[in-house]
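What follows is a set of notes on a single structure, which appears directly below.
The values are calculated or read from the model by the stated rules, or taken from the named source; none is laboratory data. Everything quoted here is computed from the prediction, not taken from an experiment. When we count neighbours, we look across all protein chains shown, and the Cβ atoms used for this are built from the backbone with ideal geometry, even at glycine.
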Amino acid sequence: MQVSMTVNGQTVAAEIEGRTLLVELLREGLRLTGTHVGCDTSQCGACTVHVDGLPVKACTMLAAEAEGCSVTTIEGMANADGTLSPLQQAFNDHHGLQCGFCTPGMVMSGAALLAVNPKPTETEVRHWLEGNLCRCTGYHNIVKAIMAASGQQVGETV
Amino acid sequence: MYDVHYHRPATLDDALNLLAGADDGKILSGGQTLLPTMKQHLAAPTDLVDVRRIPGMRGIKVEGGHLVIGAATTHAEVAGSAEVRQDIPSLASLASGIGDPAVRHMGTIGGSIANHDPAADYPSAVLALNGIVVTNRRQIAADDFFTGLFSTALEEGEIITAVRFAPPKRGAYAKFPNPASRYAMVGVYVADTASGVRVAVTGAGENGVFRHGALEAALGRSFTPAAVEGVATPAAGLLSDIHGDAAYRAHLVGVMAKRAVAAALG
């Protein structure tokens, strides 16, 4: 079947199977390999992308379900001139990654939180990240980075 | 996952025709359970009928003092709805705690209750609030809807279109989530309704969600956390698995009930 959607601002059309997952279309069809597949069981959140502005797990959504939608992946997060977005820069500044595997999902999830809650408390950040697992257990610096991108420091709010 | 024919009907009639014409058709309404199940080959439908974009299936309205939640309304939409937060804050709070944010943007109330997973949150709300499940054919009272583990009163060719709730005088949901899956090990929804106090327990029953008669009687006499003390929950008929045995869950029922009553009293 045919599917078309907008990915990172570009219109794309592709021939897919009914069972094709959104993450398979992104990674294998469009070669946007920044979106990672960790668990493939919708628990780890490494595959988090935005569909019409909302974070979803791309391993648990069919590509066909995204027909006509606007999809944003980690490749679409940097500024137009290629420099890092403030949230990405904050991950860099605060060492919000170790092995980096969960990072695309963490950034997409964090960006979705800040879009609806620009000044979250640290508790809100931690709860929001319940669906994003970091196997390096580097949560503290990830939380720090998201708080910093919101203009706050860890410890300022609880 | 085996291949599957995906359909996105524009109307309820189209959806019914597609289901009737399929060898083994299933409704897709968010798919946060169905797609993982298909990946494991525990389900292998020939056709998926996606109902999320059928006009009228999605959204929240107030009708005659009832909240009417479209079956394809996501958990995040229920959690964020001004109407739900105003009329049944405990329901908005339950929705805000299902799974995780990404799951809440896809999963829907109709999908959750049609699946009747024994650890799902929504079945407890529908049962405790004495909700009415509206389908393309009829209205089903909550007490008649959940018939067993992963079983409901839904028949072939029947689609949930909405769920209706009358706001209770007060109510709250307390759950003890499994720390990894976020599913309820035990969840207790307590509601002080027009027809008396109703208590529904999820996560614990071998046959899925159930009402707790002894707690309802005790809380009917005195709607206080203290009234929960001394009410025994038999372990018979409760789930035992690697996360906790039946006796542990029986104990948790009392603890969660007490927390729910305390929260309902604000």
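Side notes on the structure shown:
- Subset of segment B:87-116 that is within 14 Å of another protein chain (Cβ to nearest Cβ) and part of a loop (DSSP other than H, G, I, E, B) - its residue that is surrounded by the fewest Cβ atoms within 10 Å (Cβ to Cβ): B:96
- Any chance residue B:126 is surrounded by 24 or more Cβ atoms within 10 Å (Cβ to Cβ), part of a helix (DSSP H, G or I) and in contact with a strand residue (DSSP E or B) (Cβ under 7 Å, 6 or more places away or on another chain): yes
- Scanning segment A:7-26 for residues that are over 21 Å from residue B:28 (Cα atoms) and under 14 Å from the mean Cα position of the chain (by Cα), we see that the one that is surrounded by the most Cβ atoms within 10 Å (Cβ to Cβ) is A:26.
- Strands (runs of 3 or more DSSP E) wholly inside segment B:141-201 that include at least 3 residues being not hydroxyl-bearing (Ser, Thr, Tyr): B:160-165, B:170-177, B:184-193
- Exactly one residue among A:37, A:3, A:49, A:23 is over 27 Å from residue B:46 (Cα atoms) and either of a type in the set (Val, Ile, Thr) or in the same structural domain as residue A:133 (by TED's automatic domain parsing) (or both), and that residue is A:49.
- Cβ-Cβ distances below 7 Å connect the following pairs, each with a first residue in segment B:89-111 that is assigned by TED's automatic domain parsing to the domain that holds residue B:69 and free of Cβ contacts under 8 Å to residues at least 24 places away in the same chain, a second residue that is of a type in the set (D, E, K, R) and buried (at least 24 other Cβ atoms within 10 Å of the Cβ), and a separation of six or more residues or different chains: B:102/A:57.
- Of all residues in segment B:46-71 being touching a Gly at 6+ places or on another chain (Cβ under 8 Å) and within 12 Å of chain A (Cβ to nearest Cβ), the one that is surrounded by the fewest Cβ atoms within 10 Å (Cβ to Cβ): B:46
- Taking the criterion of being modelled with pLDDT of 95 or more, surrounded by fewer than 18 Cβ atoms within 10 Å (Cβ to Cβ) and hydrophobic (A, V, I, L, M, F, W, C), the residues of segment B:232-245 that qualify are B:235, B:236.
- Scanning segment B:148-189 for residues that are surrounded by fewer than 24 Cβ atoms within 10 Å (Cβ to Cβ) and more than 30 Å from residue B:262 (Cα to Cα) turns up B:150, B:151, B:152, B:153, B:154, B:155, B:156, B:157, B:158, B:159, B:161.
- The number of residues in segment B:190-231 that are surrounded by 24 or more Cβ atoms within 10 Å (Cβ to Cβ) and among the hydroxyl-bearing types (Ser, Thr, Tyr) comes to 1.
- Some residue of segment A:86-107 being closer than 30 Å to residue A:151 by Cβ and among the β-branched types (Val, Ile, Thr): yes
- Hey, residue A:35 touching a strand residue (DSSP E or B) at 6+ places or on another chain (Cβ under 9 Å) and surrounded by 19 or more Cβ atoms within 10 Å (Cβ to Cβ) or not: yes
- Which numbered condition residue A:125 fails, given (1) surrounded by fewer than 20 Cβ atoms within 10 Å (Cβ to Cβ); (2) within 14 Å of chain B (Cβ to nearest Cβ): (1)
- Test: residue in segment B:250-261 that is surrounded by 13 or more Cβ atoms within 10 Å (Cβ to Cβ), free of Cβ contacts under 8 Å to residues at least 60 places away in the same chain, in contact with a strand residue (DSSP E or B) (Cβ under 7 Å, 6 or more places away or on another chain) and not hydrophobic (A, V, I, L, M, F, W, C): no
- Filtered by the rule that a residue be polar (S, T, N, Q) and either in contact with a strand residue (DSSP E or B) (Cβ under 7 Å, 6 or more places away or on another chain) or at the interface with chain A (Cβ under 9 Å from one of its Cβ atoms) (or both), segment B:1-32 gives B:29, B:32.
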